[in-house]
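Before any comments, here is the structure.
The values are calculated or read from the model by the stated rules, or taken from the named source; none is laboratory data. Keep in mind that what you see is a predicted model, and the values were worked out from it rather than measured. Note: ideal-geometry Cβ built from the backbone for every residue, glycine included; neighbour counts use all protein chains shown. Heavy atoms of the whole protein, side chains included, go into the accessibility calculation; ligands, DNA and RNA do not. Shrake-Rupley method; radii C 1.70, N 1.55, O 1.52, S 1.80 Å.
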Amino acid sequence: MKRWPLEALFAGSGGVAFPRMTALVGAGGKTTLMYALARRMADAGRRVVCTTTTKIFPPEDGLPVVLLEGAADPVAAVHDALSAAPCVVAAGRPLPDVRKLDGVSPRMLAVLSAALPEALFLVEADGAARKPLKAPAAHEPVLPEPLGCCVAVVGLDSVGQPLDDGHVHRSALVCAAAGQEPGSPVTPATLACLVEHLEGLFRNCPAGCRRLVFANKGDGPGALDAASEAAALSRSVAWFAGSAAQGWCVPLTAGAQRALGMEPFRDLPC
């Protein structure tokens, strides 16, 4: 399979068009994917705000952090930071007990988006306790508004692991969505069920929002085969596999392939 740069996730008939507001949900590499996409957007000459509606680890690559809690004018604070750097991280406040940054409310993100029309927003909207797979609880995900694209991340290293809390976040909910017994192995069908189920990874995603699946850690043994099998079982969403850490993706469904000018090798409506 030909490997494409990560921005191919957003390809269409008119080329790559980055959404104004993109949410990342699920598990297995959301933060890595967010920062990797931010670098690609910045390389394309765009100004990018990385943030979260939950909690996030501070960036490790020296990106400027703008703390909005207590700021006299949060919009001005983000504007000034973007004037000095093409990509910034916006957060509420530090959380020393967990070594994370607190999130920004969906209401504040709507204010920032309206006030900074040239900026792109990448929003980590879900937590997964550093597990490779999850299902959302009743209060999850915390989606920003207005939302143009939602990317559901699944970790391909979850395939073959037992469906228990040691390997899967909220494993009981995953079992319920996939119709599996606790402790049974995660399979490609498990991933497809999490994508397709009404209470699955795209829970509460608004109508009209573009939906994509990114099956991460596609560089592992058998990972691309597992992702292809999962994509073949999922008939409503465009699937990509790849590696957020290495910066590449491959389209797995017909809609994703057509967006890149490829002849689809699988007849799946997306």
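A few remarks follow.
- The single residue among 132, 117 that is under 25 Å from residue 40 (Cβ atoms) and within 18 Å of the chain's Cα centre (by Cα) turns out to be 132.
- Some residue of segment 123-130 being modelled with pLDDT of 95 or more, in contact with a helix residue (DSSP H, G or I) (Cβ under 6 Å, 6 or more places away or on another chain), open to solvent by less than 10 Å² (accessible area, probe 1.4 Å) and β-branched (Val, Ile, Thr): no
- Among the residues of this structure, residue 86 does not count as one that is surrounded by 12 or more Cβ atoms within 10 Å (Cβ to Cβ), closer than 23 Å to residue 143 by Cα and of a type outside the set (Asp, Glu).
- Within segment 81-126, the set of residues being of a type in the set (A, V, I, L, M) and assigned to a loop (DSSP other than H, G, I, E, B) comprises 85, 98, 104, 116, 125.
- Residue match in segment 3-15 (condition: of a type in the set (Lys, Arg) and either at pLDDT 95 or above or not in a loop (DSSP other than H, G, I, E, B) (or both)): no
- Selection of segment 33-65 for residues being buried (at least 18 other Cβ atoms within 10 Å of the Cβ), assigned to a loop (DSSP other than H, G, I, E, B) and of a type outside the set (Ser, Thr, Tyr) yields 59, 63.
- Flag for residue 93 being open to solvent by 30 Å² or more (accessible area, probe 1.4 Å), modelled with pLDDT under 90 and more than 15 Å from residue 118 (Cβ to Cβ): no
- Residue that is surrounded by the fewest Cβ atoms within 10 Å (Cβ to Cβ) [pool: residues in segment 140-154 that are under 17 Å from residue 10 (Cβ atoms) and aliphatic (A, V, I, L, M)]: 147
- Residue match in segment 155-162 (condition: part of a loop (DSSP other than H, G, I, E, B), among the charged types (D, E, K, R) and surrounded by fewer than 24 Cβ atoms within 10 Å (Cβ to Cβ)): no
- Segment 228-249, residues that are buried (at least 22 other Cβ atoms within 10 Å of the Cβ), over 16 Å from the mean Cα position of the chain (by Cα) and either closer than 12 Å to residue 7 by Cα or at pLDDT below 95 (or both): 234
- Per-region count, segment 70-89, residues of a type outside the set (S, T, N, Q), under 18 Å from residue 120 (Cβ atoms) and free of Cβ contacts under 8 Å to residues at least 24 places away in the same chain: 5
- Residues being within 17 Å of residue 126 (Cβ to Cβ) and surrounded by fewer than 21 Cβ atoms within 10 Å (Cβ to Cβ) - total across segment 178-199: 3
- Residue 110 being without any contact (Cβ under 8 Å) to a residue 24 or more places away in the chain and either crowded, with 20+ Cβ neighbours inside 10 Å or not acidic (Asp, Glu) (or both): no
- Options 77, 91, 42, 110; residue that is over 30 Å from residue 139 (Cβ atoms), of a type outside the set (D, E, K, R) and over 16 Å from the mean Cα position of the chain (by Cα): 42
- The criterion of being in contact (Cβ under 8 Å) with a residue 60 or more places away in the chain and out of contact with any strand residue (DSSP E or B) (no Cβ under 6 Å at 6 or more places or on another chain) holds for residue 116.
- The one condition in (1) in contact with a helix residue (DSSP H, G or I) (Cβ under 6 Å, 6 or more places away or on another chain); (2) open to solvent by less than 40 Å² (accessible area, probe 1.4 Å); (3) part of a loop (DSSP other than H, G, I, E, B) that residue 136 fails to fulfil: (1)
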